[in-house]
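One structure below.
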Amino acid sequence: MHKETLYPIFTNSHQKEKMPKIKTIYVCQNCGNQSPKWIGHCPSCGEWNTYEEKIEIKKSKSAILPDSVNYEDSQPYRLSEISSESIKRIDTCNRELNRVLGGGLVPGSIVLIGGEPGIGKSTLVLQLALDLKNRKILYVSGEESIQQIKIRANRLKKENEDCFFLCETSLEKILAYVEKLRPDLLIIDSIQTIATSSIESTAGTVSQIRECTNGIMKYAKTQSTPVLLIGHITKDGSLAGPKILEHMVDTVLQFEGENQYFYRILRSVKNRFGSTSELGIFEMGDSGMKEVLNPSELFLNLEDNGLSGTAIACAIEGNRPLLIEIQALVSSAAYGTPQRSSTGFDTRRLNMLLAVLEKRAGFKLSSKDVFLNIAGGISVDDPAIDLAVISAILSSNFNIPIDKNIAFSGEIGLSGEIRAVNRISQRIMEAEKLGMKKIFIPKGGKSIELKNLKVHIDSVSQVGEFFKKLFKK
Ligand code: TYD
Ligand code: MG
């Protein structure tokens, strides 16, 4: 008889062993870190006031009986027993978006799109919703009214009879409509505005975001419906909400770009179904986001020839080669300590390059102010732009212009050597495509098997030798 009473209040000593232990722990709602006491500042993720009380019931070992497992739910498989059917992706009708997603939307996957306010998240997903024909789409907006969406759609000059719009913030209602409509694609704009009544806190709080994502995820996985979630971004540029949000979703795409520039870059930060080194480039115009298929033309301004201090670098961003303009200004320091500042390029790397120029090539730059700018507001991590950076600096220092039909690609080492860079043939092909006359590349490395090129390839191995070739002719 007493076997059925699971947790009796009054027990004798032999039953006491089977009693579950009730323990209170505190869990960080952002990263899931646990602590026995409440703390204000999470030592793991650095967030403030994210700890919430959780009651944990520890069952005694005998309570976890092997026969309580339902073997039909899941079971272990051998690799050979799993069918290797390739996933059928949904074409988004947008080449740049397909590229970042790794070839299209995967059914049942959850994609989180983050970015600063006004960068174009809603525009892009609305465009996608209106372009996808013959699929039922549900676009849920917690931010805008139906009229506002209509105005935006008019601006995009698009229509789609299979697309339904819902202005709602309650998760329960949204899921009810989703159940009724059974869409082939669900869009939520934005996850921070949705709230479930099962939690007391307001929309946008860490626990709400987590619960709502969980609810949507369960639906997506069981019905194989892809979901696009739009996410806000915090002041420091990371996605607002719990860090586990990023662990829960399959793909995280992030919008980058400055408001004063018209182009936007969509980068894949996490992708369970594709590469994270991909990026898509869009141009924000009067009628929405246009795909940019030849980005080099966007960043290059080949007209103002004859000015000193600029050099063209051939960089690789994501998987694509890109010609970009590096601008430098070198002037005598007005005050004691010379200034070094850069936009779009790491200032520490700039200091290193200046030290290499001073020590290995004998250029006196320690008393000069050096300003460096990557035109177009893009920021580049590719070390292959080093060669263009030092060329622009010296061009400004000596006031000798560099021909705009010359491109540069090479990393500078601490001893002044010009080091090999990856995908050199792709870089050369990009220079060729944009009609460059010459490209400077590092000597050695992989042999290049490119034939019938119009662009002249000049291989260099040391900075001293390189400057002689560049300026003394
Ligand atoms: P929006 O897509 O609402 O950004 P988010 O959802 O990321 O906050 O806003 C995009 C901005 O772009 C907005 O300031 C208006 C502008 N815009 C255009 O320039 N062209 C267009 O066709 C549209 C629809 C918007
Ligand atoms: Mg929006």
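The values are calculated or read from the model by the stated rules, or taken from the named source; none is laboratory data. For clarity, every value in this text was computed on a predicted model and none was experimentally measured. All Cβ positions, even for glycine, are placed from backbone atoms using ideal geometry, and neighbour counts span all protein chains on display. We work out accessible area using only protein heavy atoms, side chains counted, and drop any ligands, DNA or RNA first. Shrake-Rupley method; radii C 1.70, N 1.55, O 1.52, S 1.80 Å.
Every condition in (1) of a type outside the set (Phe, Trp, Tyr); (2) more than 12 Å from ligand 1 (Cβ to nearest atom); (3) part of a helix (DSSP H, G or I) holds for Val125 except the one numbered (2).
Here Ser409 fits the description: within 33 Å of the chain's Cα centre (by Cα), at pLDDT 90 or above and under 23 Å from Gly306 (Cα atoms).
You will find that of Val100, Val125, the residue that is more than 16 Å from ligand 2 (Cβ to nearest atom), within 20 Å of Leu253 (Cα to Cα) and in contact with an Asp or Glu (Cβ under 9 Å, 6 or more places away or on another chain) is Val100 and no other. Does any residue in segment 347-367 that is in contact (Cβ under 8 Å) with a residue 60 or more places away in the chain come within less than 8 Å, Cβ to Cβ, of a residue that is of a type in the set (Phe, Trp, Tyr) six or more places away or on a different chain, and which pairs are these? Pairs found: Leu357/Phe363; Ala361/Phe467. Applying a threshold of 9 Å to beta carbon distances and a minimum spacing of six or more residues, or different chains, the list of pairs starting in segment 81-103 at a residue that is free of Cβ contacts under 8 Å to residues at least 40 places away in the same chain and within 21 Å of Arg135 (Cα to Cα) and ending at one that is among the hydroxyl-bearing types (Ser, Thr, Tyr) and in a loop (DSSP other than H, G, I, E, B) reads Asn98/Thr92. Return a yes/no flag: does segment 230-245 have any residue that is over 18 Å from the mean Cα position of the chain (by Cα), open to solvent by less than 60 Å² (accessible area, probe 1.4 Å) and over 24 Å from Ser122 (Cβ atoms). No, segment 230-245 contains no residue that is over 18 Å from the mean Cα position of the chain (by Cα), open to solvent by less than 60 Å² (accessible area, probe 1.4 Å) and over 24 Å from Ser122 (Cβ atoms).
Comparison of Lys438, Lys443 shows that the only residue that is farther than 20 Å from Asp346 by Cβ, touching an Asp or Glu at 6+ places or on another chain (Cβ under 7 Å) and open to solvent by 10 Å² or more (accessible area, probe 1.4 Å) is Lys438.
How many residues does segment 169-228 hold that are of a type in the set (A, V, I, L, M, F, W, C), farther than 19 Å from Val125 by Cα and not in a helix (DSSP H, G or I)?
First, pick out the residues of segment 169-228 that are of a type in the set (A, V, I, L, M, F, W, C): 171, 174-176, 178, 181, 185-188, 191, 194-195, 199, 203, 206, 209, 212, 216-217, 220, 227-228.
Right, trim to farther than 19 Å from Val125 by Cα and you get 171, 175-176, 181, 195, 199, 203, 206, 209, 212.
From the residues that got through so far, the ones that are not in a helix (DSSP H, G or I) too are 195, 199, 203.
The qualifying residues number 3.
For beta carbons closer than 6 Å, sequence separation of 6+ or different chains, a first residue in segment 122-135 that is more than 14 Å from Ala153 (Cβ to Cβ) and a second that is open to solvent by 20 Å² or more (accessible area, probe 1.4 Å) and more than 9 Å from ligand 2 (Cβ to nearest atom), the qualifying pairs are Arg135/Asp184.
Among the candidates Gly115, Gly142, which residue alone is open to solvent by 10 Å² or more (accessible area, probe 1.4 Å) and within 15 Å of ligand 1 (Cβ to nearest atom)? Before the answer, list the steps.
On the way: Gly115 fails: open to solvent by 10 Å² or more (accessible area, probe 1.4 Å).
Gly142 is the lone residue from the list that is open to solvent by 10 Å² or more (accessible area, probe 1.4 Å) and within 15 Å of ligand 1 (Cβ to nearest atom).
In segment 293-305, the count of residues that are in a strand (DSSP E or B) and either under 21 Å from Ile441 (Cα atoms) or among the hydroxyl-bearing types (Ser, Thr, Tyr) (or both) is zero.
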